[in-house]
Amino acid sequence: MSGIEDFYVHTVSVETHTGAGAFGDTYNTPATVNGFLEGKIQLVRATDGQQVVSNSTFYCAVADGARFTPDSKVNTGDRTAYVIAQNTNDAPGLGLPDHAAIYLK
């Protein structure tokens, strides 16, 4: 069986949200992350508990998922999206690969 990385055919650029400063939101330097970008509209619960419509989901390695904090900027090539929330999907004992799901608006 191939690793999940075989399905990582897309590349995005993420600027991790680090807070707010005197001139607005602040971000880290852009980082390139490989993964799989799925265009999928769904309701997602944001960190404040509100339901928000997500227009796409980006799947990547769990280690890379830490870069995608809420409100981080993600450039998908054709648009700039913002992170609503992320989830680590793991299945210990089932032999399935762990990955992060990043919900974008």
Name the pairs: first residue in the stretch 1-28 and closer than 14 Å to residue 80 by Cα, second residue exposed (fewer than 14 other Cβ atoms within 10 Å of the Cβ) and at pLDDT below 95, Cβ to Cβ under 8 Å, at least 6 apart or on different chains? 11/77; 12/77
Looking at this structure, is residue 56 among the polar types (S, T, N, Q) and surrounded by fewer than 18 Cβ atoms within 10 Å (Cβ to Cβ)? no
Criterion (in contact with a Gly (Cβ under 9 Å, 6 or more places away or on another chain), modelled with pLDDT of 95 or more and of a type in the set (Phe, Trp, Tyr)) met by exactly one of 36, 7, 58, 68: 58
What are the residues in the stretch 35-44 that are surrounded by 14 or more Cβ atoms within 10 Å (Cβ to Cβ) and in contact with a Ser or Thr (Cβ under 7 Å, 6 or more places away or on another chain), if any? 37, 44
Give 29, 47, 18 a once-over and let me know the one that is modelled with pLDDT under 95, polar (S, T, N, Q) and surrounded by fewer than 17 Cβ atoms within 10 Å (Cβ to Cβ). 47
Can you pull out every residue in the stretch 77-105 that is at pLDDT 95 or above and of a type in the set (Val, Ile, Thr)? 80, 83, 84, 102
The strands (runs of 3 or more DSSP E) lying entirely within the stretch 57-105 that contain at least 1 residues which are touching a residue at least 24 places away in the same chain (Cβ under 8 Å) and of a type in the set (Phe, Trp, Tyr) are 99-104
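The values are calculated or read from the model by the stated rules, or taken from the named source; none is laboratory data. Worth saying up front: this structure is predicted, and the values here are computed from it rather than measured. Cβ atoms come from the backbone with ideal geometry, glycine included; neighbour counts cover every protein chain shown.
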